[in-house]
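Inspection log for the structure reproduced underneath, given as structure tokens.
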Amino acid sequence: MLTELQTKKWTRLFQVYDADGNGTITQEDFELIFQNLAKFRNLEANTPQYDQLHTKYMEGWELVKKMQTKITMVKSSLRSG
């Protein structure tokens, strides 16, 4: 069970990554966050810094996607077991 503070922190983290506010964290959210950060840093497309940052964000998305899959599997096994 999460404490009230932990719940607030996880909720805020979810809100940050749900960049479009649709209630689901998707690859498009990661793309949007990346685009905003690249713009803030004045990075031009197809430069080494831009490409490197984009790669890191897409690696982050892959980790989130793996976690989502594991959570779904655990929920399914709890329901059936």
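Note on the range 10-51: Cα convex hull, mean projected area over all directions, 3.3 nm². Accessible area per residue for the chain is 83 Å², calculated with a 1.4 Å probe on protein heavy atoms, without ligands, DNA or RNA. To put it simply, the accessible area of the chain at a 1.4 Å probe is 58 percent carbon and sulfur.
Think of the chain as a dipole: +1 on every Lys or Arg Cβ, -1 on every Asp or Glu Cβ, centred on the Cα centre; then among Tyr17, Ser80, Leu32, Ser80 lies furthest on the positive end. The heavy atoms of Glu62 offer some 80 square angstrom of accessible surface to a 1.4 angstrom probe. Comparing Leu13, Leu63, Leu43 in a Gaussian network model of the chain, where Cα atoms under 10 Å apart are tied by springs, the biggest mean-square fluctuation is seen for Leu13. In the chain, inverting the average of 1/r over every pair of distinct C-alpha atoms gives 14.6 Å as the Kirkwood radius. Assuming charge only on the beta carbon of Lys and Arg (+1) and of Asp and Glu (-1), the dipole of the chain about its Cα centre is about 460 debye to the nearest 20.
The values are calculated or read from the model by the stated rules, or taken from the named source; none is laboratory data. Just so you know, these numbers come straight off a predicted model, no measurement behind them. Every residue, glycine as well, gets a Cβ built from its backbone with ideal geometry; the counts of neighbours run over all protein chains shown. Heavy atoms of the whole protein, side chains included, go into the accessibility calculation; ligands, DNA and RNA do not. Shrake-Rupley method; radii C 1.70, N 1.55, O 1.52, S 1.80 Å.
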